[in-house]
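Read the structure below first, then the notes.
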Amino acid sequence: MSTAWLSQVALPWVLASVMMAMGLSLIGADFARTWHHPRRVMLGIALQMLALPLLAWGLVLVLPLPPLAAAGLLLVSLVPGGATSNMFSYLVQGDLALSVTLTAIAAVLAPFTLPLVMGWNLELLGLTTGGLALPYWHTVGQLLLVTLLPVLAGMLLRRALPSTWHERILPGVKGFTGVAMVSVVVALFVSHAERLPALISIETLAVLLLCLLSMLLGHRVARRLRLPHASVRAITVEVGVQNAGVAMMVAFVLLQQPAIGLVPLLYGLLMNVPVFVWMFACLWRDRHPASAVTQRR
């Protein structure tokens with residue numbers, strides 16, 4: 001199985017299937033929830049679309065990252081949410097409706113915002129002088145084909161299917177697409193093993209810091225605004241977990257730059273570590289509330 005086939009063929013198709021599975025989980029009411037809790041939704045979108053890219057730039061300015069690795073980190077920050085963020089919100093007993101709403105809005109916005117902002121990032125990093133570019137409308141079209149259109153197709157399929165069928169097939173579809181996505185990520189990891197940064201490297205530090213600091217940012221801001229407990233957890237996950245699959249597709253397929261795709265690939269593997277640690281800590285506090293209060297004192 002060649003590296004080119006994995007990145008150019010398997011990754012886009014598997015990513016589209018994951019987004020379609022996400023669409024099967026959505027209904028029109030998920031978008032309408034913005035009218036019921038506009039402050040929570042606007043906060044989540046502002047943190048995802050504005051604060052997260054600024055945080056990534058802060059890391060790029062502080063850490064001595066090579067230009068292509070810096071571009072990969074900035075690329076990751078432009079694709080918030082994703083199917084895995086909904087899963088983590090569910091597992092941590094967060095506000096799943098808010099999580100799904102933020103994921104749906106990000107899926108609509110990302111195809112248009114990512115190529116524009118990433119084009120600026122490449123210019124600021126001085127990479128466009130070497131012929132590296134991200135044509136706006138071509139990129140928008142490609143992203144629509146593998147993200148937004150499959151989501152819409154999944155939503156339409158959900159409406160067409162009887163509710164009993166939907167309830168029966170959705171767990172299997174989610175499980176299959178999840179395994180397929182993990183398999184492609186692992187296969188890409190193995191095929192690029194020689195080019196990937198060492199486990200103890202500046203790139204690994206940057207990836208872990210982006211995940212940890214973005215989770216901390218979402219958690220602190222949501223708590224400061226006194227949002228409900230479940231909403232705080234949902235925003236923490238939505239800001240902290242990025243769609244590494246889309247970032248990899250942009251790097252490998254659209255930019256034709258595997259060196260930029262290595263950081264999103266690394267992120268797709270390592271982001272699970274801090275998220276799972278935080279998730280288990282939250283669940284432990286839920287089961288031992290008295291101990292958690294004592295520790296805080």
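Select, from Ala70, Ala46, Ala51, Ala16, the only residue that is more than 15 Å from Arg233 (Cα to Cα), under 17 Å from the mean Cα position of the chain (by Cα) and buried (at least 19 other Cβ atoms within 10 Å of the Cβ). That would be Ala16, the only listed residue that is more than 15 Å from Arg233 (Cα to Cα), under 17 Å from the mean Cα position of the chain (by Cα) and buried (at least 19 other Cβ atoms within 10 Å of the Cβ). Answer yes if at least one residue in segment 209-224 is surrounded by fewer than 18 Cβ atoms within 10 Å (Cβ to Cβ), small (Gly, Ala, Ser) and assigned to a helix (DSSP H, G or I), and no otherwise. Looking for residues that are surrounded by fewer than 18 Cβ atoms within 10 Å (Cβ to Cβ), small (Gly, Ala, Ser) and assigned to a helix (DSSP H, G or I), one finds none in segment 209-224, hence no. Within the option set Leu196, Leu156, Leu132, being aliphatic (A, V, I, L, M) and in a helix (DSSP H, G or I) holds for one residue only, Leu156.
If Leu262 meets every condition in (1) surrounded by fewer than 19 Cβ atoms within 10 Å (Cβ to Cβ); (2) farther than 25 Å from Ile105 by Cα; (3) in contact with a helix residue (DSSP H, G or I) (Cβ under 7 Å, 6 or more places away or on another chain) apart from one, which number is that one? Among (1) surrounded by fewer than 19 Cβ atoms within 10 Å (Cβ to Cβ); (2) farther than 25 Å from Ile105 by Cα; (3) in contact with a helix residue (DSSP H, G or I) (Cβ under 7 Å, 6 or more places away or on another chain), Leu262 violates only (1). Selection of segment 95-129 for residues being outside any helix (DSSP H, G or I) and surrounded by fewer than 19 Cβ atoms within 10 Å (Cβ to Cβ) yields Leu125, Gly126. Taken together, Leu254, Leu283, Leu262, Leu266 contain a single residue that is over 14 Å from Leu75 (Cβ atoms) and touching a residue at least 12 places away in the same chain (Cβ under 8 Å), which is Leu283. Across segment 160-172, not a single residue is classified as of a type in the set (Lys, Arg), surrounded by 17 or more Cβ atoms within 10 Å (Cβ to Cβ) and either touching a Cys at 6+ places or on another chain (Cβ under 8 Å) or over 30 Å from Pro66 (Cα atoms) (or both). Selection within segment 225-259: residues that are closer than 15 Å to Ile45 by Cα and of a type in the set (Val, Ile, Thr). The member of this set that is surrounded by the fewest Cβ atoms within 10 Å (Cβ to Cβ) is Val232. Selection of segment 188-198 for residues being touching a helix residue (DSSP H, G or I) at 6+ places or on another chain (Cβ under 9 Å) and surrounded by fewer than 17 Cβ atoms within 10 Å (Cβ to Cβ) yields Phe189, Arg195, Ala198.
Taken together, the values in this text are just the output of simple stated rules run on the coordinates, not laboratory data. Keep in mind that this is a model prediction, so the values were computed, not measured. Reconstructed Cβ throughout: ideal geometry from the backbone, glycine too, with neighbour counts over all protein chains shown.
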